Every structure is written in structure tokens, then in C-alpha cells.
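Here is the structure we will look at, set down as C-alpha cells.
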Amino acid sequence: MRFAIKTSPERTGWGGMLALWREADEIEVFESAWVYDHFEPVYGERGEPCFEGWTSIAALAQATERIRVGVLVTATPYRHPALLANMAATVDAISGGRLELGLGAGGPVNAAEAGAYGIDLLPLGRRMDRFDEACDVIIGLLTQPVLDHQGEHFTLTGARCEPKPVQQPHPPICIGGTGERRTLRTVARVAQHWNFPRGSIEEFTRLRGVLAEHCAALGRDPAGIMTSTHIRVDPDRPVDPGAVAADAAAWAEAGLDLGIVYFHAPFDPAVLEPVAKALAPLTD
């Protein structure tokens, strides 16, 4: 099993989150680091501070050297896919080829902020149609010299995205979600990484079987898709490395590939080394 960190970029100043990422960059147990994509806090009051995800990882990529960086996951209704493709290519260049491209359709947790900003999430069926089309636009722009696309939601004519990303054919795509009929089919179609946001191990195991069925229908080996979930840290209590390791061990037993340890402000870089030592036996 491998490990990552995630920081909710809310209720914090920039310095605290930056210090945690720089410390994680020095600890080999952690292979990647992530933020979320929200304009208002998920765990705090709506009026509290919340940094925007993509500008955050651009700065954090410049401040680190080794650790891979990503937004888990980008709500595609928030940005036109052509814009997002250019953002992804830019961050991949800034990071020297360390971007993990997290994508999602948007869900109930996005509803309040989307409504406040006048962003239409669309009813679920049309939202998933738009998400599938957004994935095609993003991949097309990242891999083709010129893209023409005529779809239900997006039209591109002679569109370019230069420079192309460092990683070829494109940065690994991570799709988060649990929708059996649409989300997991999109994972099977375009992704290299599926994030099970969190739930029971039994539900993860069942949905991994559904994903395998979609892969079989598309002629794809599911072993080529990494799986991940969040390893929770109680935001209201001091970090307990033993509890983190115990939770991770249960997921390792279930065959999970990547455990993403989810930290909340106030961020204390000193907690990372004890957590890494507790997790290290699971990496052997």
C-alpha cells in the first residue's frame, strides 16, 4: 500500500498549509499531496477562509520538489474544460511532471456554493453527460495538436492547448465518486485512478467489482486503475498515528492501493513524521 496526504484548504492561513506540504515533500512514505475544490469551507462556517484549489496547487508545486500534486477532485462544472486543460498543462509544467489530474462531475456537497455563484450543476443525468463530454474535451486538448469538438454542452473549433503537459500522453486522471452506472463507467473509459471518497470497506469491495464489470465491457484490464480512499483524521482531536495506521491496515487488507491521510487545520508539520513511521510497515 502507498500513502498520500490531503489538506482541506479552509480555516487556515497560507503558511500553515505550505509548511505541511513542505514537510510531506521530505517524507518518502507520502507519494502525493492533494487539496479539495470548493469555494466555501466544507467542515467550517461558510464565511470562514477557503483557498481556491488550482491556484493553491500551482503555488505548492513550486514550493516542493518530489511529491505529486492534485485536486481531489476538480468539480468540472466550475470551469470550462478547455480552460481546465490549459490549467492542467501549466501545472504539470510548473511541477516538472508531477500533476495528478483529479476530475469529478460535482455533487450535493457543491450545491450551496454553486448556487451562491450562479453555477448550474444541472440535474444528475445531464450533469453526467456534461462530465463525460468535459473529459473528452480535456483529453483531446492535452493530446491533440488541434481539437474540433461539436457536442451537446461544448463546441470547440480549431482549439489548441500549448505547451502540452510534461507527462505523456497526459497526466494520470483520477475520477472520484461512487455512481455505479455512470461514474464508474467513465472511470473505466478514461481514468488511471479511481477515488472511493469514503464509505464501508464492504461497499468499496462491491463497487470495485462493478468497476471491473465496466472494464470488461470496454476491453480494459482493471488492474491498470489505481484505487484510493481517504484515511480520516478527526479534525476535533489531536492526530493519533496509531489510529491512522489501524484504519489504513484495514484498507490494505481489502486491497486498496493508496491511502490518502486527510488533515485539517490548524496544520502541524510535526505530526507527519510519527504518522509516516506508523504507516511505514504497511508499505513493505
- Note on the structure: From the option list ASP234, ASP284, single residue qualifying as more than 30 Å from GLY15 (Cα to Cα) and modelled with pLDDT under 95 is ASP284
- Message: Scan region 195-217 and tell me whether some residue there is outside any helix (DSSP H, G or I) and under 30 Å from ASP148 (Cα atoms).
- Response: no
- THR227 fails exactly one of (1) within 21 Å of ILE27 (Cα to Cα); (2) in a strand (DSSP E or B), namely (1)
- Message: Quick test for you: out of THR90, THR55, THR12, pick the one residue that is of a type in the set (S, T, N, Q) and outside any helix (DSSP H, G or I).
- Response: THR12
- Among the residues of region 58-67, is any over 25 Å from ARG160 (Cβ atoms), open to solvent by 10 Å² or more (accessible area, probe 1.4 Å), of a type in the set (A, V, I, L, M) and not in a loop (DSSP other than H, G, I, E, B)? yes
- Matching residues in region 230-266 - criterion: being open to solvent by 20 Å² or more (accessible area, probe 1.4 Å), under 13 Å from PHE204 (Cα atoms) and under 16 Å from the mean Cα position of the chain (by Cα): ASP257
- Options THR90, THR155, THR143, THR178: the member that is of a type in the set (Ser, Thr, Tyr) and closer than 23 Å to ASP257 by Cβ: THR178
- Query: If we keep just the residues of region 26-43 that are of a type in the set (Val, Ile, Thr) and more than 26 Å from ALA105 (Cβ to Cβ), which is least open to solvent (accessible area, probe 1.4 Å)?
  - Reply: ILE27
- Mind checking whether some residue in region 7-25 is within 16 Å of GLY102 (Cβ to Cβ) and surrounded by fewer than 20 Cβ atoms within 10 Å (Cβ to Cβ)? no
- Query: Only one of (1) open to solvent by 30 Å² or more (accessible area, probe 1.4 Å); (2) over 16 Å from ARG79 (Cα atoms); (3) of a type outside the set (Asp, Glu) fails for PRO171. Which number is that?
  - Reply: (1)
- Exactly one of LEU83, LEU103 is more than 21 Å from ARG11 (Cβ to Cβ) and over 14 Å from the mean Cα position of the chain (by Cα), and that residue is LEU83
- Residues satisfying the stated conditions in region 93-124, i.e. open to solvent by 40 Å² or more (accessible area, probe 1.4 Å), of a type in the set (Gly, Ala, Ser) and part of a helix (DSSP H, G or I): ALA93, ALA111, ALA112, GLY115, ALA116
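The values are calculated or read from the model by the stated rules, or taken from the named source; none is laboratory data. Just so it is clear, the model here is predicted, and its values are computed rather than measured. Cβ sites come from the backbone with ideal geometry, for glycine too, and all protein chains shown count toward neighbours. Accessible surface areas use protein heavy atoms only, side chains included; no ligands, DNA or RNA. Shrake-Rupley method; radii C 1.70, N 1.55, O 1.52, S 1.80 Å.
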